[in-house]
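Below you'll find the structure, written out as structure tokens, and then a few comments.
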Amino acid sequence: MRGRKVPSFYLFMSLKDQVQELLEGALKENPSLFLIESKIHPDNSIEIIIDGDDGVKVEDCIAVSRAIEHNLDREEEDFSLQVMSAGVSEGLQHIRQYKKNLGRKIKIKTDEEVLEGDLISATDDEITLKWKAREPKPVGKGKVTVTKEANVAYENIVEAKVMITF
């Protein structure tokens, strides 16, 4: 073997288990980072999507990639590795993503409705959205602007995306 010496216990683990263990170690090195998704395809291409409480820098992706790649033996398993940050188009999937986007406008879909508003609260169980709406006056003609608020449990959210405004 060239390069780094691979610990012997890695030789008896599946590629998936090795990647998972190395990934957990890399994320412990930088606690502000967290895993969104990891996939190992049948052709041994590995895709890892991470996010961070303060965003993800290119250096963060490089560090996670090196922590995994430098500890796998290419002579044992041929693989490709891609580590990337979660993009806006993927939507929010993790509670920590909601918490880091407090104050931003998001759009959520549930089985019953679609809501769009400012994310004003994110607990471990639910989020709170706040928005303004035009509604008919209680008495007389015309409309009045009212402030609305909704609490939505994570389990009821089908899709959530941060709205980018220019």
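Where strands (runs of 3 or more DSSP E) fall wholly inside the stretch 48-166, the ranges with 1 or more residues that are over 18 Å from the mean Cα position of the chain (by Cα) and surrounded by 15 or more Cβ atoms within 10 Å (Cβ to Cβ) are 80-85, 105-110, 114-122, 126-136, 143-153. Pairs linking a residue in the stretch 123-142 that is within 29 Å of residue 161 (Cα to Cα) to a residue that is modelled with pLDDT of 90 or more and of a type in the set (S, T, N, Q), with Cβ atoms under 6 Å and 6 or more positions apart or on different chains, are 126/151; 128/121; 128/151; 132/145; 132/147; 134/145. All conditions in (1) modelled with pLDDT of 90 or more; (2) open to solvent by 30 Å² or more (accessible area, probe 1.4 Å); (3) not basic (Lys, Arg); (4) not in a helix (DSSP H, G or I) hold for residue 20, with the sole exception of (4). For the criterion of being over 17 Å from the mean Cα position of the chain (by Cα), open to solvent by 30 Å² or more (accessible area, probe 1.4 Å) and either farther than 20 Å from residue 129 by Cβ or in contact (Cβ under 8 Å) with a residue 60 or more places away in the chain (or both), residue 41 passes.
The values are calculated or read from the model by the stated rules, or taken from the named source; none is laboratory data. Being a predicted model, the structure only gives us computed values, none of them experimental. In this analysis, Cβ positions are derived from the backbone assuming ideal geometry, glycine residues included, and neighbour counts consider all displayed protein chains. Surface areas here come from the heavy atoms of the whole protein model, side chains and all, with no ligands, DNA or RNA. Shrake-Rupley method; radii C 1.70, N 1.55, O 1.52, S 1.80 Å.
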